[in-house]
Amino acid sequence: MLPENLYKRRRGHDNTSPQLLLIVTNCVILAVLISLFLTCDKINNFFWAAMALLALYNAYNIRRNREVYNRLNTIVYIISIIGMALVFYYIHKQPHNC
């Protein structure tokens, strides 16, 4: 009763853009790093090393997918980076229960 090709995956049907995947990856990694390496009195040095590796991954990913990053996508990417910096600042300055 069901059509034969209803549950077949379409060829090339991965419609998530590399830009969106990069932004989601950045947000998830930042959340994990903040929860693991941000203590009450200081920021662990591994946090900064992991952020440097994340920056290198971002540069590599942007160079690899250069044709995707037009002006609008670049603006969205920069806004997401600024938003993540604001989240880091807010969480770091917020009083903790130590």
Treating only Lys and Arg (+1) and Asp and Glu (-1) as charged, each at its beta carbon, one finds that the stretch 18-93 has a dipole about its Cα centre, in Debye to the nearest 20, of 180
In the stretch 26-98, the trypsin sites (Lys or Arg not before Pro) that sit in a DSSP loop and have at most 12 other Cβ atoms within 10 Å of their own Cβ are LYS42, ARG66
Dividing the surface of the Cα convex hull of the stretch 18-93 by four yields a projected area in nm² of 4.8
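Read-outs: derived from the displayed coordinates by stated rules, not from any lab. Remember, predicted model here, so these are calculated numbers, not experimental data. Glycine also receives a Cβ, built like all others from the backbone with ideal geometry; neighbour counts cover every protein chain displayed.
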